[in-house]
Every structure is written in structure tokens, then in C-alpha cells.
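In what follows, a structure is listed as C-alpha cells, so that the remarks can point back to it.
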């Protein structure tokens, strides 16, 4: 193996914890009359549905950012005049509330001297770049690919192939680590990369896509060191 690439959100960065911190501020500012737990649960469902539509190219990034909070608050029969403004306020808070996954820095530091490292992430270019810089991760990575710079998203194998080209390596020389079976493991496998499924919540893989199975499964990032060093 010649390089190790990572997903970003929920693999290196604790996106859910960051999101809840931002939602708490949105709830306070706009006086949304539901509990934070209710708001967070509904946001996860709404956000996942809209990102699935984005992956399928049924909406674009602008529509996602415009609709996200309008669709969310409709669940609670709450009307807002400018859901886009609310969504942008959420992003402004979110991108400054960073929490790393347990063991992320220690794992990157241990691998940095042994392998070229990379990131392959779905997401808005401005937000993902800000996160990478603000939390001090850019120093570790030789290659950073954010789907917003391309005309497609993970799990499209072309995203992974593009990253391989940037690294000047064959796909079978790279191992990819990600938390999403459907986006990370399936996409990377189809592109010919080796895969490690980061599964800290011990999810069961009830249904395989095209009979794709990760090459390895870990529950803590530091377990990578046992595999790679």
C-alpha cells in the first residue's frame, strides 16, 4: 500500500456533534419552539434526504442550501420568511464548531511519516476547506478532493479515480477509510481502491450493494495503525 485516503465528516471530524452545536444557536436565535433533540433528529432526516437528491443530481447545491431549513421547519408546521438566511447562519456557526473524532490526530500523526495522505469528501467547497484549515488538518494531506469542485459526488467512482490521478497512483495502491458504507466503501471499491469501513457505532451491514464488502472494518481510528504500520 502506497497511500491512505480518508473521508472527512464522521470519519475525521465529528460532524454530528458540530451540527448539534450549530442547531442550538439557530434554535436560540430564531426562537424555534421545539426541543434541541427534536430539531436535531428532524435535521438529520431532512439533510440526508436532500443530500441523497444532490447525489442523484435531482437538485443542485444552491437548492439544497435554500431548501434545507424550510423543509426542516415544515415538519413542525413552522413557516419562515427566509429559510436560506437561516441556513447560512447555521453554516456560519457550524464551520466554527469543530470536534475531531477520537484518535484522529494521533492516527494522522502516526501515518504521516509513513504514507502520503489524502481526503476525499462530499460537501460544499467553501465549508469543507474552512473546516480543514480551521482545525489544522491541511498540513497532513498531500491530496484533497472535495466533490463540490467536480460535477459529481461520492459514491461515483469518478471522484475516487480523480483523487488517484492527483496522487499519481493506481487505485489498487491506495486504501480508503470512510464511515459510510453506501458512499465511501461502495464508491471506493468500484474505483478499485482497498477499503476500511470506520464503524464506531457497530452498525450491522444488513444489505450489501452489488455484494460489496469492505476489506477491513474498524471501530476506532487507532485500529488503523495495527493494519498499516
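Multiply the residue separation of residue 203 and residue 139 by 0.36 nm, subtract the distance between their alpha-carbon atoms, and state the gained length in nm to one decimal. Intermediate results must be reported in sequence, preceding the final value.
Working: separation 64, 0.36 × 64 = 23.04 nm, distance 3.16 nm.
Computed gain between residue 203 and residue 139 is 19.9 nm.
Quick one: 149, 107, 201, fewest Cβ neighbours within 10 Å first, how do they rank?
201, 149, 107
Given an 8 Å cut-off on Cα distances and at least 6 residues of separation, report the relative contact order of the chain as a percent.
In percent, rounded to a whole number, it is 23.
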Which of 89, 30, 112 moves most in a GNM of the chain, Cα contacts under 10 Å? 30
Set the Förster distance to 41 Å, then compute FRET efficiency between residue 212 and residue 96 from the Cβ-Cβ distance, nearest 0.05. 0.65
Most fluctuating residue given options 156, 41, 172, as computed from a GNM of the chain linking Cα atoms under 10 Å: 41
Evaluate E = 1/(1 + (r/R0)^6) for residue 225 and residue 158, where r is the Cβ-Cβ distance and R0 equals 30 Å; express this FRET efficiency to the nearest 0.05. 0.45
Relative contact order of region 15-94, please, whole-number percent, based on alpha carbon pairs below 8 angstrom and at least 6 residues apart. 35
Report the gain in length on full extension from residue 126 to residue 40: 0.36 nm times residue separation, minus Cα-Cα distance, nm rounded to one decimal. 28.6 nm
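For the chain, what does the helix formula give at 222 nm: sum of -39500 (n - 2.57) over DSSP H segments with n ≥ 4, over the residue count, nearest 500 deg cm²/dmol?
On the way: 9 runs with 103 residues, N = 229.
My calculation for the chain gives -14000 deg cm²/dmol from helical runs alone.
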Compute the distance from the alpha-carbon center of region 148-166 to that of region 1-61, in whole Å. 21
Out of these labelled values of semi-axes √(5λ) of the Cα gyration tensor in Å, [x] 45, 28, 20; [y] 31, 18, 17; [z] 39, 22, 15, which was calculated from the coordinates shown here? [y]
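None of the figures in this text is laboratory data; all of them are computed from the coordinates on show. In this text the structure is predicted, and so the values were computed from the model without any measurement. Positions of Cβ are generated from backbone atoms using ideal geometry, with glycine treated the same way; all protein chains shown enter the neighbour counts.
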